[in-house]
Amino acid sequence: MTKLDFIERYGQENEPYICASCGNCTLVCPVYSELKWESYGPRGKLHVVKSIIEGEGEFGKDFAHKIFLCNLCEHCTSVCTTGISLDRFWEVARAEVRERGLLPAPAQFVLKSVKERGDIMWMGSADRLLWMEGIDELVKDRILKKAKVAYFLGCNVSLKSQLHDVAQSMVKIMDYAGIDFTLLGEKEVCCGAPLSWAGNLKDINEMAEKNLSLIRELGVETVVFSCPSCIQTWSEYSKSVKEDKSIELLTASQFINRLIREKRLHFEEQPMITTTFHDPCISARVLKATEEPREIMDEIPGVYHVEMNPSRQNTRCCGAHGLLDVVDPVLSSRIAERRLRDVTVTPATRIVTECPRCILAFDLAKFTTGYEMLVQDITQLVEGALSPKEQGGGKDH
Amino acid sequence: MIYSKDVTSLPDLAHQIVSPRFDVVTQPVDVLSLQNLIIYAIENGIPIVPRGNGTSGWGGAIPTRGGLCISLSAMSGILYFNEFESAVTVETGITWRDLLAFLERLGFTLPVYPSSATAATVGGFVASGGLGIGSTRNGDILKQVIGIEAILPNGKIVRLGRLLLDSKTDPLREKVEEGNSWLSEKLSDAGLGSPEQETKLFTGTYGTLGIITKVTLKTIPNLQLIPFSCSFDRMTDLVRAADRILSEVKPYYMRFLADNYTSKLRALSEYENESGKYILTGALLDTIYQNEDNIEIIKTVTNEEKGYVLDDKRSWFYWSERLYPLRIKRHGPSLVPAEMLAPMNMLPEILEKTKAELRNSKVAIEGTLSNDGTTSFMVWILDDERKKVSFTIGWYRSFQIASLAERFGGLPYAVGLWNGRHARKFYGNDSYKNLKVMKKKLDPSNIMNPLKVFGGRVTIGRESMLLGFLLGFIVTMIGGWLLPGLLNLDWLNQFLSLSLVQFLYFPNLWLLGLAGGLIAVMIIRFMRLSQALAIGIPILRILSKLLRR
Ligand SMILES: Cc1cc2nc3c(=O)[nH]c(=O)nc-3n(C[C@H](O)[C@H](O)[C@H](O)COP(=O)(O)OP(=O)(O)OC[C@H]3O[C@@H](n4cnc5c(N)ncnc54)[C@H](O)[C@@H]3O)c2cc1C
Ligand code: SF4
Ligand code: SF4
């Protein structure tokens, strides 16, 4: 028998035995779909952990690497016959990998960067202001202002120039709707999600708290996110969020949909845009926020929305979640390409989503496949369709 | 290692009679590469085991002598569909889920599919046979098979029944003609019909006679589906209601969940009317008008038989749960399945008897009702394989249920590896004899899924060999020492009192023991699976009784 400290510490030691070997998880796994061998799929990996516990296998470098060939996309969890929280198990297994000093180099880099720079790509707090270029007027008095609504961008949207338009669109939407909102600006730090992906479960709460204490000081009641993983991380790992339910955490589309229902947003006719919505794994399977983006698109005249297959809680991962984009970029890209193939069998010319990693993955896959389609965040679609301000705009919150 | 398991947790002891893993796992992508693999295996005498997705629990897909695992999951195309012929042809590695999704988009569905549809392959279920969703109206899966393409253990490609394909794009035509004419000869030698009439050689025989590569299945229109569910306090009431519903309504699907099953379903904890009760649930698949009438009949029958009709929401819940019969495994965490095919009217009695036999075990029981008055009776025995000794000893219980089935006029539900002893009863005497003849003709070197269905010599593990040797040694030593005194034969006494014999008494006794040990080892080496089980199971049973005391 081999003792797996982390698996036991987090109460996961029964799970490999509870698995019924039914194979449901493996058949939905994006990594298995590409690599086609059981040892890369969830059922296979669970069997290997069991054999390690039984002393028949070894927790070596090869298996440690396989643990990281996973998108933490929650698909296996959502179909598991015996109710195993597989994603939780994979996170704990990653902690075990870290404990044994077998972390893949990109995961080590992420841990170091989050710890020393407060973000995932070794930038720094000053860089969190770069996205504001060109909309200074809209944001200048917003940073660390007391307000009921806060917009939390997350590392990708703040720091990757390709995604700056997402943040700008959200700010413009809030301004259009007359929302009194605040931004954390350079005080925003990583939400903590990448720590769980890289096997450091211990420090997530502290990372979340750095943001949350500030948010609380500003009197915020609703936090709006551009990245669903930030919400998931705080809901699962922040002690204060779990205890104090007074702060509401919303995805961009949940918030925008609310603004539409409150008649704060008005749209002008669009020139026949056919869109399809890619449900990000975490929004669909964890936050269950599948209807809001569709309701939003239904409200924009001239936007025709078609469904991809699979969609909603059965959505296929974009391939970039869970650090797979840095641990195995080629595999990650293949998964994204497969998802884009789902789009090509629909009449859609635009794929809309609401997760920064999905956008980055699809942009890359568009390049590698040569598919011609526009990839957009839902905030970009909404902002682009707003009617001129004199006709719309809402009252102050 | 990962490909060497199915859903049953096996005790380490089982690996004393079957090998714990395959030597190689392969994933052919088309029929010709599969044919090459088989030819390679024949030339090198390597055992082959076909594998769908390993969701069965009777050992059919696990290794017995190492060798080659042939995973068919990369052969998963849909090759032909014709709504006027109500048929679809697929490669056998496709999952039932994907096939259903394809058909449902066209307004069709399948007359029968397994409750493991989300992961099981078409080939796996067709090769195992059995009842599934839809069997309440349409019988077992084997009745839904129109045609089959298979590769024989000698590498020949054959087609049986009526395999529907677009004949213009059939690259295998010549090979099939050659294979079929060879097979026709062998079939007529054995006094059997033409390939067209003999699909049953490959359906329900667990891949022992060949690997199924394509199947043509019946399809049906996907009319209005209405699930229903009712709860009962007593199994006898449930069975009476089920009997009446079967004859008056002919539902598409009907399943029962016993009290020990519903009490373990976490999702039912808040439903007093369901948790710990007997649930009868299923679905109608008909026109709106027929469904309306039939639902009324179900309600009336349930009320008359002292049952309680559950609302639509609960019925949809049970309908979606049809694909998750193993939810209860968390209570184990390990599972030893024991299943039988029982006459429906005997269900209450069998249930009571099973509960009594397994009173010291955690069990959950459920089953599917067929259209021929039989029911699958699934006993999920929940145990903990980490408790090595008690788990190993408790393994006999699964075999005990198979024997119980016989007492009540039932049969084991499946054969696979572990129920090979009951194969003759399972297939019927004549069919079994024919299968055996054909096995010899098609697979003379016995490389195709060895030990399954037909049994055979097992490769006993080193530990058992050593134990056998020690037992043989000790028994003959004691025998050699005590027997002369007990027999009290003059000539023997005289012989033993010779001074040379006296001088070498102990070395002789040792030699005798050694010979006894070696004989025991020889006996074990030539032991067949059925004999190993016939010796092992009673020992486990006795040990279990002793341990309980
Ligand atoms: C949740 C769950 C629900 C289930 N529900 C049902 C049910 O409703 N009814 C039922 O009868 N069983 C049921 N089973 C048992 C099992 O799922 C079925 O027998 C299933 O069809 C097996 O499919 P598979 O692809 O996993 O085959 P495997 O388990 O891989 O193989 C089964 C047998 O078929 C052979 N085989 C596989 N593919 C081929 C091929 N192409 N050619 C020749 N031989 C082949 C294998 O060697 C083996 O002997 C269930 C199991 C689970 C886990
Ligand atoms: S989380 Fe996603 S990628 Fe990881 S094992 Fe589960 S299904 Fe596969
Ligand atoms: S879905 Fe759950 S029970 Fe089934 S094989 Fe995967 S982990 Fe095991």
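Applying the criterion of being within 14 Å of residue B:528 (Cα to Cα), in contact with a strand residue (DSSP E or B) (Cβ under 8 Å, 6 or more places away or on another chain) and not in a loop (DSSP other than H, G, I, E, B) to the residues of segment B:423-457, the residue that is nearest to ligand 2 (Cβ to nearest atom) is B:455. Against the test of being of a type in the set (Val, Ile, Thr) and in contact with a Gly (Cβ under 8 Å, 6 or more places away or on another chain), the options A:135, A:143 yield a single qualifying residue, A:143. Here A:61, A:36 are screened, and the one residue that is more than 16 Å from ligand 3 (Cβ to nearest atom), facing another protein chain (nearest Cβ under 9 Å) and more than 19 Å from residue B:10 (Cα to Cα) is A:36. When residue B:368 is tested against the conditions (1) over 21 Å from the mean Cα position of the chain (by Cα); (2) in a strand (DSSP E or B), the lone failure is (1). Has segment A:375-384 got any residue that is of a type outside the set (D, E, K, R), farther than 16 Å from residue A:281 by Cβ and surrounded by fewer than 19 Cβ atoms within 10 Å (Cβ to Cβ)? Checked segment A:375-384: at least one residue is of a type outside the set (D, E, K, R), farther than 16 Å from residue A:281 by Cβ and surrounded by fewer than 19 Cβ atoms within 10 Å (Cβ to Cβ). In segment B:99-110 there is at least one residue that is more than 14 Å from chain A (Cβ to nearest Cβ), closer than 22 Å to residue B:319 by Cα, in contact with a Ser or Thr (Cβ under 9 Å, 6 or more places away or on another chain) and not aliphatic (A, V, I, L, M).
Does residue A:346 satisfy the condition of being part of a loop (DSSP other than H, G, I, E, B), away from ligand 3 (no atom under 16 Å from the Cβ) and of a type in the set (Ser, Thr, Tyr)? Answer is yes for this residue.
Counting the residues of segment B:220-266 that are more than 30 Å from residue B:381 (Cβ to Cβ), surrounded by fewer than 22 Cβ atoms within 10 Å (Cβ to Cβ) and either touching a residue at least 12 places away in the same chain (Cβ under 8 Å) or aromatic (Phe, Trp, Tyr) (or both) gives 9. In segment A:1-39, which residues are more than 15 Å from ligand 2 (Cβ to nearest atom) and either touching a Pro at 6+ places or on another chain (Cβ under 6 Å) or modelled with pLDDT of 95 or more (or both)? Answer for segment A:1-39, where residues must be more than 15 Å from ligand 2 (Cβ to nearest atom) and either touching a Pro at 6+ places or on another chain (Cβ under 6 Å) or modelled with pLDDT of 95 or more (or both): A:14, A:17, A:18. Of all the numbered requirements in (1) facing chain B (nearest Cβ under 9 Å); (2) away from ligand 1 (no atom under 16 Å from the Cβ), residue A:69 misses one, and that requirement is (1). Within segment A:10-28, does at least one residue satisfy the condition of being within 25 Å of residue B:265 (Cα to Cα) and away from ligand 3 (no atom under 16 Å from the Cβ)? Yes - at least one qualifying residue is present in segment A:10-28.
Confirm whether residue A:77 is within 16 Å of ligand 1 (Cβ to nearest atom) and out of contact with any Pro (no Cβ under 8 Å at 6 or more places or on another chain). Considered against the rule, which asks whether it is within 16 Å of ligand 1 (Cβ to nearest atom) and out of contact with any Pro (no Cβ under 8 Å at 6 or more places or on another chain), residue A:77 comes out as no.
Picking from residues in segment B:17-60 that are among the charged types (D, E, K, R) and away from chain A (no Cβ under 14 Å), the one that is farthest from residue B:444 (Cα to Cα) is B:30.
Within the option set B:118, B:136, being more than 22 Å from residue B:50 (Cβ to Cβ) and within 25 Å of the chain's Cα centre (by Cα) holds for one residue only, B:136. Scanning segment B:278-303 for residues that are in a helix (DSSP H, G or I) and either more than 26 Å from residue B:347 (Cα to Cα) or without any contact (Cβ under 8 Å) to a residue 24 or more places away in the chain (or both) turns up B:288, B:289, B:290, B:291, B:292, B:293, B:296, B:299, B:300, B:303. Only one of the numbered conditions (1) touching a Gly at 6+ places or on another chain (Cβ under 8 Å); (2) within 15 Å of ligand 3 (Cβ to nearest atom); (3) more than 21 Å from residue B:5 (Cα to Cα) is not met by residue A:92, and that is (1).
Of all the residues in segment B:61-97, those that are within 13 Å of chain A (Cβ to nearest Cβ) and surrounded by fewer than 18 Cβ atoms within 10 Å (Cβ to Cβ) number 1. Taking the criterion of being facing chain B (nearest Cβ under 9 Å) and within 24 Å of the chain's Cα centre (by Cα), the only residue of segment A:1-24 that qualifies is A:24. Note on segment A:216-263: among residues that are more than 23 Å from residue A:143 (Cα to Cα) and of a type in the set (Lys, Arg), the one that is modelled with the lowest pLDDT is A:245. Looking across segment B:77-94, the residues that are more than 8 Å from ligand 1 (Cβ to nearest atom) and touching a residue at least 40 places away in the same chain (Cβ under 8 Å) come down to B:79, B:80, B:81, B:82, B:83, B:85, B:86, B:87, B:88, B:89, B:90, B:91.
Only helices (runs of 4 or more DSSP H) whose full extent lies in segment B:27-135 are considered here, and the ones with at least 1 residues that are closer than 21 Å to residue A:310 by Cα, away from ligand 3 (no atom under 16 Å from the Cβ) and not assigned by TED's automatic domain parsing to the domain that holds residue B:251 are B:96-105. Only residues that are of a type in the set (Lys, Arg) and near ligand 3 (Cβ under 9 Å from one of its atoms) were counted across segment A:42-57, and they come to 1. Taking segment B:371-409 as the range and being surrounded by fewer than 21 Cβ atoms within 10 Å (Cβ to Cβ) and in a loop (DSSP other than H, G, I, E, B) as the test, the residues that pass are B:371, B:372, B:373, B:384, B:386, B:387, B:408, B:409. Selection within segment A:323-339: residues that are under 16 Å from residue A:198 (Cα atoms) and touching a residue at least 40 places away in the same chain (Cβ under 8 Å). The member of this set that is surrounded by the most Cβ atoms within 10 Å (Cβ to Cβ) is A:324.
In summary, no strands (runs of 3 or more DSSP E) completely within segment A:239-322 bear 1 or more residues that are touching a residue at least 24 places away in the same chain (Cβ under 8 Å), within 16 Å of ligand 3 (Cβ to nearest atom) and surrounded by 14 or more Cβ atoms within 10 Å (Cβ to Cβ). Residue under question is residue A:94, and the condition is that it be farther than 29 Å from residue A:159 by Cβ and away from chain B (no Cβ under 14 Å); does it hold? When the stated conditions are applied, residue A:94 does not pass them. For residue A:48, indicate whether it is within 14 Å of chain B (Cβ to nearest Cβ), within 21 Å of the chain's Cα centre (by Cα) and either without any contact (Cβ under 8 Å) to a residue 60 or more places away in the chain or within 16 Å of ligand 1 (Cβ to nearest atom) (or both). For residue A:48, the condition - within 14 Å of chain B (Cβ to nearest Cβ), within 21 Å of the chain's Cα centre (by Cα) and either without any contact (Cβ under 8 Å) to a residue 60 or more places away in the chain or within 16 Å of ligand 1 (Cβ to nearest atom) (or both) - is not met.
Within the option set A:61, A:45, A:50, A:36, being buried (at least 17 other Cβ atoms within 10 Å of the Cβ), of a type outside the set (Asp, Glu) and more than 26 Å from residue A:228 (Cβ to Cβ) holds for one residue only, A:50.
The values are calculated or read from the model by the stated rules, or taken from the named source; none is laboratory data. These figures come from a predicted structure and were not determined experimentally. Positions of Cβ are backbone-derived with ideal geometry, glycine not excepted, and every protein chain shown enters the neighbour counts.
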